[in-house]
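K.L.:
Have a look at the structure that comes next, please.
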Amino acid sequence: MAESTRSLRAEDLDRVMEIERLSFSMPWSREAMEQELHNPTARYQVLEADGQVQAYAGAWLVIDEGHVTNVAVHPDARRRGYGRAVLRALIRQLMDLGVTYMTLEVRVSNEAAISLYKQLGFKRAGSRKGYYEDDREDAYIFVSDRLENAFLTRYRPVKAENFRPQNGEIM
Ligand SMILES: CC(C)(COP(=O)(O)OP(=O)(O)OC[C@H]1O[C@@H](n2cnc3c(N)ncnc32)[C@H](O)[C@@H]1OP(=O)(O)O)[C@@H](O)C(=O)NCCC(=O)NCCS
């Protein structure tokens, strides 16, 4: 079955929390994730395939910056391009809102995520010592190119019909 992306809805929370807990050593609480649905500066995209949500990605808008809060794919659905697809969908949504560049932090040991970000044109811009509270691992700071340039073609949807707003979407 083909995959498609759309904005996060309240009814996705159970599945998103399942993926969150399976993906991170310090998962967000359900309450924190729920608040994001009502946060006017937050945007989240989910990717559906095989009849359920398999991936999600979110960001906070800070003037013209999109700061990625989390990206995760269900462990059983990794290496199928879903991480890349959901992050692209998020970036396209943010571009429509006037965001001109993206930033994020990533664990220095997270080779999968680092490789994904580099593939999408993010570049290392610095690091934060002991950023992660559980084990004091350092974070790299990654920053994207300006979104309106090369990114426009990189983030063009493959199938336009997959990206139409749907009823009940939280935008
Ligand atoms: C990082 C993560 C989101 C990648 O999702 P994914 O759907 O498996 O990744 P994709 O299939 O879209 O892969 C896109 C690219 O990322 C890189 N990549 C993904 N997984 C990788 C791995 N295990 N090792 C090396 N590179 C990897 C590759 O460059 C890949 O491109 P390719 O398939 O053409 O080689 C996923 O591993 C995940 O959920 N990890 C746990 C949560 C996490 O660490 N999130 C990021 C926090 S900053």
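K.L.:
I want the antiparallel fraction of DSSP beta bridges within the chain, as a percent rounded to 5. Walk me through the numbers before you get to the answer.
P.N.:
Working: 30 of 33 bridges.
Percent antiparallel among DSSP bridges in the chain is about 90.
K.L.:
Find how much the distance from V143 to D76 grows on full extension, using 0.36 nm per residue of separation minus their present alpha carbon separation; answer in nm with one decimal.
P.N.:
Residue separation times 0.36 nm, minus the Cα-Cα distance, leaves 21.3 nm.
K.L.:
Next question. Calculate for the chain the 222 nm mean residue ellipticity that helices alone would give, adding -39,500 (n - 2.57) per DSSP H run of length 4 or more and normalising by residue count, nearest 500 deg cm²/dmol.
P.N.:
Working: 5 runs with 47 residues, N = 171.
Estimated from H runs of four or more residues: -8000 deg cm²/dmol.
K.L.:
What FRET efficiency would be calculated for the residue pair A2, A32, taking the C-beta separation as r and a Förster radius of 30 Å, to the nearest 0.05?
P.N.:
Working: r = 31 Å, r/R0 = 1.05.
Taking R0 as 30 Å, the efficiency between A2 and A32 is 0.45.
K.L.:
Could you state how much accessible area H38 has, in square angstrom rounded to the nearest 10, with a 1.4 Å probe and all protein chains kept in place?
P.N.:
The value for H38 is about 150 Å².
K.L.:
Here is a further query. Take D135 and R9, extend 7 Å from each Cα along the Cα→Cβ direction, and tell me the distance between the two endpoints in nm.
P.N.:
3.8 nm
K.L.:
Where in segment 48-91 are there trypsin sites (Lys or Arg not before Pro) that are in a DSSP coil and have at most 15 other Cβ atoms within 10 angstrom of their Cβ? Walk me through the numbers on the way to the answer.
P.N.:
Working: sites: R78, R79, R80, R84, R88; in loops: R78, R79, R80.
Here the trypsin sites (Lys or Arg not before Pro) that fit, given the DSSP loop and packing criteria, are R78, R79, R80.
K.L.:
Taking the Cα centre as origin and putting +1 on Lys and Arg beta-carbons and -1 on Asp and Glu beta-carbons, what dipole magnitude results for segment 1-143, to the nearest 20 debye? Each step should come with its number before you reach the end.
P.N.:
Numbers: 19 positive and 22 negative charges, 131 e Å.
I would put it at about 620 debye.
K.L.:
Can you give the relative contact order of the chain as a percent, counting alpha carbon pairs under 8 Å and 6+ residues apart? Show your work: numbers first, answer last.
P.N.:
On the way: 292 pairs, mean separation 37.1, N = 171.
Dividing the mean separation by the residue count of the chain yields 22 percent.
K.L.:
Taking the solvent-accessible surface of protein heavy atoms with a 1.4 Å probe, what is the per residue accessible area of the chain in Å²? If you can, show how the numbers build up before the last one.
P.N.:
Numbers: 9290 Å² over 171 residues.
On a per-residue basis, 54 Å².
K.L.:
Carbon-plus-sulfur fraction of the accessible area of the chain, 1.4 Å probe, in percent? Display every interim value, and only then the final one.
P.N.:
Values: 4440 of 9290 Å².
Carbon and sulfur atoms account for 48 percent of the accessible area of the chain.
K.L.:
Rounded, prolate or oblate: pick one for the chain, where a ≥ b ≥ c are the square roots of the eigenvalues of its C-alpha gyration tensor, a/c under 1.5 means rounded, and failing that, prolate if a/b is larger than b/c, else oblate.
P.N.:
Values: a/c = 1.40, a/b = 1.13, b/c = 1.24.
In terms of gyration-tensor shape, rounded.
The values are calculated or read from the model by the stated rules, or taken from the named source; none is laboratory data. Quick caveat: nothing in here was measured; it's all calculated off a predicted structure. Neighbour counts are summed over all protein chains in view; Cβ atoms, including those assigned to glycine, are modelled from backbone coordinates with ideal geometry. Surface accessibility is based on the protein's heavy atoms, side chains included, excluding ligands, DNA and RNA. Shrake-Rupley method; radii C 1.70, N 1.55, O 1.52, S 1.80 Å.
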